[in-house]
Amino acid sequence: MIYRRRPSPLHAARAAVGCGYCLALAVAALTLSAPLALGAVVVSVVCAGVAAGVGRNLGRAVRFALVLGLLVAAVNALVTPDGLTVIWRMGDLPILGQTDITLEATVYGAILGLRAAALVLCGVMYTLVVDPDEVLGLLRRLSFRSALTVTLSTRMVPVLLSDSRRLADAQRCRPGRPPSRLALLRAATAGAFDRALDVAAALEVRGYGTARRPQRLRTPWSRHDLAFAASAAAIVALAVAGRVAGLAPFQAYPGLSSPVGVGEILLALGLVACALLPFLDRRGLER
């Protein structure tokens with residue numbers, strides 16, 4: 001999963017705004033605990049990914065996030081003895097000792113798993129929609145050489161992976177015994193050294209060895225920058241206000257309590273609306 005420029009409002013926004021948008025969704029997932037609110041955050045991330053044109057890649061991440069969420073839920077149900085409603089007595093287990101699965105621990109584990117899934121999806125969407133070169137450009141005035149090194153590293157890793165795949169395909173076409181992984185690693189490493197020498201020579205010709213810290217380029221904010229910045233601020237404000245006002249309460253121990261009223265429904269709908277409204281403006285993106 002790597003970044004590719006796509007005709008979407010989120011891709012058109014600057015990197016700082018894209019980072020803030022993804023971070024706002026992650027903050028909402030960490031702040032809220034009610035199942036309805038967390039479900040709204042997950043729906044927002046998935047729908048935003050589809051609207052940004054990365055739904056297929058995000059779908060692969062959804063499967064990983066579901067497995068991770070189920071694992072978190074199972075571990076919490078096994079190791080947490082709290083709760084009043086016992087649904088399964090497993091007896092005396094090695095290491096764990098007397099183990100009783102309670103409904104409260106299971107539900108709370110599901111909440112933790114849903115939160116973990118939401119955070120994973122936020123991270124994947126950041127990878128798919130935010131230009132890494134622009135992110136490194138934000139830090140160029142702090143450490144120019146470090147930003148250049150990281151940029152070269154992140155660009156060379158996909159190139160080396162594609163080189164190794166092509167080498168493997170070419171060697172499989174040859175008759176006889178298939179090549180070992182050590183042979184592929186040796187060939188890919190030799191190619192990496194050759195590429196490093198070429199890149200170093202090109203950078204030396206362009207004067208990167210003596211380059212000064214670049215001046216900051218000030219570009220005006222576009223309508224997509226403003227829309228997603230306002231969306232990120234609204235998401236964080238809704239999450240914090242909902243937590244402070246107690247609009248999405250959730251209590252697992254000693255008994256389950258998660259009331260759903262008009263305020264909780266409005267909070268969930270507000271999160272989804274704030275996350276998706278900036279995608280409605282698609283003027284000029286198809287060109």
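Here the extension length gained between V244 and D194 equals 12.2 nm, from 0.36 nm per residue of separation less the Cα-Cα distance.
Distance between the modelled labels on C47 and L276, one decimal in nanometres: 0.2 nm (7 Å Cα→Cβ projection).
Any read-out appearing in this document is the output of simple, stated calculations on the displayed coordinates, not a laboratory observation. All values derive from a computational prediction rather than experimental measurement. Using ideal geometry, Cβ is built from the backbone for each residue, glycine included, and neighbour counts are taken over all protein chains shown.
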